[in-house]
Amino acid sequence: MPTTTKTAAPAGTRTGRQTTADLSFLARAMKAPALLDAAERLAERALKETWTHTEFLVACLQREVSARESHGGEARIRTARFPAIKTIEELDVTHLCGITRQQLAHLGTLDFIAAKENAVFLGPAVINGFSF
């Protein structure tokens, strides 16, 4: 199946509408929707704050990378097909003995992973008020 390649118009001959269309096409081709969403706002900020072209490009790419990291985690959670999603914020600490809310929040930073340490909770499993 033959493929067609669209190229952007040379910079000196583009209109605002052509530039927007080119940006839209290129962002779709790169599968970078966050870059497309952020580009216009970042362009206005770049003009206001007199960013260099490189600073503007870095800001656009940072938005795309952040969005991909965020959505990537969500996609992995969906793929795992957990029966329920549980977070530390939702944990009922009334049944926990020997750990404070502050210690639990610290575990939520996941610093123990970088330190190559373990975090283990021991005790009966309680689901919907029933112990197993």
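The values are calculated or read from the model by the stated rules, or taken from the named source; none is laboratory data. This one's a predicted model, so the numbers in the text were calculated from it and none came from an experiment. When we count neighbours, we look across all protein chains shown, and the Cβ atoms used for this are built from the backbone with ideal geometry, even at glycine. Areas reflect the complete protein model, heavy atoms only, side chains present, ligands, DNA and RNA absent. Shrake-Rupley method; radii C 1.70, N 1.55, O 1.52, S 1.80 Å.
Our coupling estimate for the range 32-40, obtained by passing each phi through the Karplus curve with A = 6.51, B = -1.76, C = 1.60 and θ = phi - 60°, is 10, x, 5, 4, 4, 5, 8, 4, 5 Hz, Gly and Pro reported as x. Take the Cβ atoms of Thr19 and Leu122, set R0 to 41 Å, and the FRET efficiency comes out at 0.10. Computed over every Cα-Cα pair of the range 44-126 and binned at 10 Å starting from 0, the pair-distance distribution P(r) comes out as 12, 26, 28, 18, 12, 4 percent. In plain terms, the chain from Leu107 to Val65 could stretch by 12.6 nm, reckoned as 0.36 nm per residue minus the Cα-Cα distance. Ranked from largest to smallest solvent-accessible area, with a 1.4 Å probe on the protein heavy atoms, Val93, Val65, Val120 come out as Val120, Val65, Val93.
Taking Thr54, Thr100 and ordering them by how much accessible surface each has at a 1.4 Å probe, largest first, produces Thr54, Thr100.
Ordering His71, His53 from largest to smallest accessible area (1.4 angstrom probe), what's the sequence? Don't skip to the end; give the middle numbers.
Details: His71 105, His53 165 Å².
The ranking, largest first, comes out as His53, His71.
Distance between the modelled labels on Ala84 and Thr52, one decimal in nanometres: 5.3 nm (7 Å Cα→Cβ projection). Only protein heavy atoms count here; under a 1.4 Å probe, Thr79 has an accessible surface of about 110 Å².
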